Structures are given as C-alpha cells and as structure tokens.
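The values are calculated or read from the model by the stated rules, or taken from the named source; none is laboratory data. Just so we're clear, the structure is a prediction, and the values are computed from it rather than from any experiment. Here the Cβ is made from the backbone with ideal geometry for all residues, glycine too, and neighbour counts use every protein chain on show. Each accessible area value is taken on the protein alone, full model and side chains, heavy atoms only, with ligands, DNA and RNA left out. Shrake-Rupley method; radii C 1.70, N 1.55, O 1.52, S 1.80 Å.
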Amino acid sequence: MAIQEFPRTDERSLEEEADLFKINAVDHIELWVGNAKQSVYYWKTWGFKPIAYSGLETANRRHASWVVEQNQIRFVLSTSYSPHDEMAAHHLLHGDGVKVIALEVEDIKAAYHETTTRGAKGVQAPTEAQDEGGIVRTAIIQGYGQTLFKFVERSDYSGAFLPGYKALPEDRTVIPTGLEAIDHIVGNVELGKMDYWVNWFHQTMGFRQIVHYDDKVIHTEYSALMSKVMGSGNGRIKFPINEPAKGRKKSQIEEFLDYYLGPGVQHIALLTDDIVATVRELKNRGLEFLRVPQAYYDALPERIGEIQENYADIAELGILADRDDEGYLLQIFSKPVQDRPTMFMEVIQRRGARGFGVGNFKALFESIEIEQARRGNL
Ligand code: FE2
C-alpha cells in the first residue's frame, strides 16, 4: 500500500515543537447536526447552558446555531434551513459530528500565513466581522476528512459569542456537572494516513509528537489500532490521531470510518476536578457509559496503588484508572452521542498523569467490541 507523505520542509524532530504562532486554547467546537434545537437539550443534560443563538430571528437565513457552554468548554450546534446548503449535504453523508475545531489565536494573520505556507489548505483567508461587541477575526484551514480548523482572534470582543449571535437569557434549569475544559480531541483517519496527519500537525501548526502507541500495545484478540498524540504549548492542546491496524475482526476505528464515511473526530475528552461526583450526576441524568468487566476492578487496587478516591465508588460508577511516572488519571467513555456509532465523549480527571490511559486500552476495547457485536459490526 502506498502511504502518502505530508511534505516536510524543516529539519525539526517530531519531538520538537516550533513556536510558529500562539494558540491560547480551544475556542469552541462546532457540530453540524440534524436538529440543533433538540441537540441543545441533550447537551443541557451534560450540564451545558445555552448562551447564544444565531438564526432567522437574528437575520441568519442560512442556518440555526446554538452555543452551549460549561466553564471553559463551548460547543456550537448548527443545522441548515435548506436541503441545498452544504451543511445539509454534510449531515446527510456524515450524520451528526464535529465540523469545526476552533482555536483561539493571538494573531490571525500569522496563524493563517504560517499554516498555509507550510502546506495546509486554506479554506477562508482572515476575515473580520463586527458588531456592538467589537471585532472578531477568523480564518479557516482544512483538517482531516471534511473537518475544518478555524482560527479565532477575539482579543477585545465583548459580545455573546461571535458577531451575528445574540445572547440568550440565562437558563436556570441547567445545573453544571463539573466539566471544566477540553483535555484532548481525537481524530480517526484511514489506514495508512496516521503519519500523514502527524506530519501535518507538526509541519503546519508546529506541534510536537507527545507519545505514540503501536498496535502491539493497543490490541485485543480481535482488533488493533495505532495512535499518536500531537500537542503544543506544554501539552495544553492535544490532538491524538488513530488509524486502524489489521486484526482478525473489524476494529472500532474501521466501524467509525464506515459510519462517518471518512475521517473525523472520534471523541472529545472533558476535564473534571471530581470525576466521581461528575459521573454520578451524569449517570443519574440518564447518560450512558461503557462498562468494563468486574475482573478489571478486582485487579485495580494492586495495579494502581493508593488513590485519593474510594475504590468502591470507582467500581460502582465504572470509572477506569491508570498510572504513569507522574501520577494517575481517572477516565470513563460514553456510548456514542448520536445513533451512528461514531463520536463519543470521555470524562477525565488528571492527578499528575499526563498520558491517555494506555493501561485501560485493552479492557476498554474489549467492552467496545461487546457493543460492536451487539450492533452486528464486529
Ligand atoms: Fe481520550
């Protein structure tokens, strides 16, 4: 199989970061969905408050967009009014999913110039939008599959979200669940394309490779995957990339690619300071998470050692734990958040550990395979 290489034009090693332009944070993630108005209710269950809206009432005749927020996490849910819009075509093909990963930058011109002159495909050159809240500048480049990376420069903007959006009255029915910030955003790409996208992040964004896991590490009896993690700013912004590896049966990455019809965002990991309280609340609200077999919990205290949480709570809620040189982490994975077995969510708490739970991959994938088998997709 011919592996397409992303052209490298500098001599930096993959472990070395280049300070091409400053990225402050993930500004927001936009999902293109079938029914944004109803999706808002789903994300309210996760503890997100609707804060801003754009649509017919704000003279946006193309699409309805609702912005929901919890602490530093912001999602935009969008649906087009017309079947002829690009947004409708995208939804027909992919179902609900992440269309835009928006990064807050300090200098939009530098962000667009550096990425596009280093090989990224430009989609929208820096553009200014203005309303009474001030000025916001945005630019867009093409990411994996049909996913876009959008740069947002909003240094002195005081509006609800972006020009064209109106603030919504406070929704007092929403009780937050302790989700604080985005920890990482994972992309699934086709077999043979992981290194292309590793090089893309390295080359265009200046990111470095933080860690990689090969199929000898991440495999079960039936399937395997490979994963590399790209990040910047001391690992504050992290983008793991997965590709399927050959196994005896269909891997979860292939299942994703089959149902999303191409590469895209597989999961978004959200940080909490108290995973026991967060997950207990989310489960009480009816949200569904994967569960590993009880044997995992029988072996856990010996594998992880002393933790601040109570092992009985961890086992009761189905939370996973992993330890590395720097500490430990606790994590749990949701079932897919739409009917297609594509995107899901992770809730993660870090107590020192900066990894991604590699010690859980096997147990986790075995429980994903149980779900795949139920769907007739293993
Ligand atoms: Fe993750």
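Tabulated data
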{"item": "Breaking point among (1) open to solvent by 10 Å² or more (accessible area, probe 1.4 Å); (2) of a type outside the set (Lys, Arg); (3) touching a helix residue (DSSP H, G or I) at 6+ places or on another chain (Cβ under 7 Å); (4) at pLDDT 95 or above, for Thr342", "result": "(1)"}
{"item": "All positions within region 180-207 that are open to solvent by 10 Å² or more (accessible area, probe 1.4 Å) and among the aromatic types (Phe, Trp, Tyr)", "result": "Tyr196, Trp197"}
{"item": "Output for region 260-274, where each listed residue is out of contact with any helix residue (DSSP H, G or I) (no Cβ under 8 Å at 6 or more places or on another chain) and either within 16 Å of the ligand (Cβ to nearest atom) or open to solvent by less than 50 Å² (accessible area, probe 1.4 Å) (or both)", "result": "Val265, His267, Ile268, Ala269, Leu270, Leu271"}
{"item": "Residue within region 290-299 that is open to solvent by less than 60 Å² (accessible area, probe 1.4 Å) and within 20 Å of the chain's Cα centre (by Cα) present", "result": "yes"}
{"item": "Criterion: closer than 21 Å to Met230 by Cβ and in contact (Cβ under 8 Å) with a residue 40 or more places away in the chain - qualifying residue of Leu191, Leu179, Leu93", "result": "Leu191"}
{"item": "Only listed residue being at pLDDT 95 or above, touching a strand residue (DSSP E or B) at 6+ places or on another chain (Cβ under 9 Å) and assigned by TED's automatic domain parsing to the domain that holds Leu191, chosen from Val292, Val358, Val347", "result": "Val347"}
{"item": "Test: Arg323 is in contact (Cβ under 8 Å) with a residue 40 or more places away in the chain and either open to solvent by 20 Å² or more (accessible area, probe 1.4 Å) or not aliphatic (A, V, I, L, M) (or both)", "result": "no"}
{"item": "Strands (runs of 3 or more DSSP E) wholly inside region 29-92 that include at least 1 residues being of a type outside the set (A, V, I, L, M) and loosely packed, with under 14 Cβ neighbours inside 10 Å", "result": "none"}
{"item": "Test: residue in region 167-179 that is open to solvent by less than 30 Å² (accessible area, probe 1.4 Å), within 16 Å of the ligand (Cβ to nearest atom), out of contact with any Pro (no Cβ under 6 Å at 6 or more places or on another chain) and within 30 Å of Lys283 (Cβ to Cβ)", "result": "yes"}
{"item": "Sole residue being open to solvent by 10 Å² or more (accessible area, probe 1.4 Å), farther than 21 Å from Gln372 by Cβ, modelled with pLDDT of 85 or more and charged (D, E, K, R), chosen from Lys228, Lys216", "result": "Lys228"}
{"item": "Residue match in region 247-259 (condition: within 14 Å of the ligand (Cβ to nearest atom), open to solvent by less than 10 Å² (accessible area, probe 1.4 Å) and outside any loop (DSSP other than H, G, I, E, B))", "result": "yes"}
{"item": "Selection within region 96-133 - open to solvent by 20 Å² or more (accessible area, probe 1.4 Å), farther than 20 Å from Thr9 by Cα and part of a strand (DSSP E or B)", "result": "Glu104, Val123, Gln124, Ala125, Pro126, Thr127, Glu128, Ala129, Gln130, Asp131"}
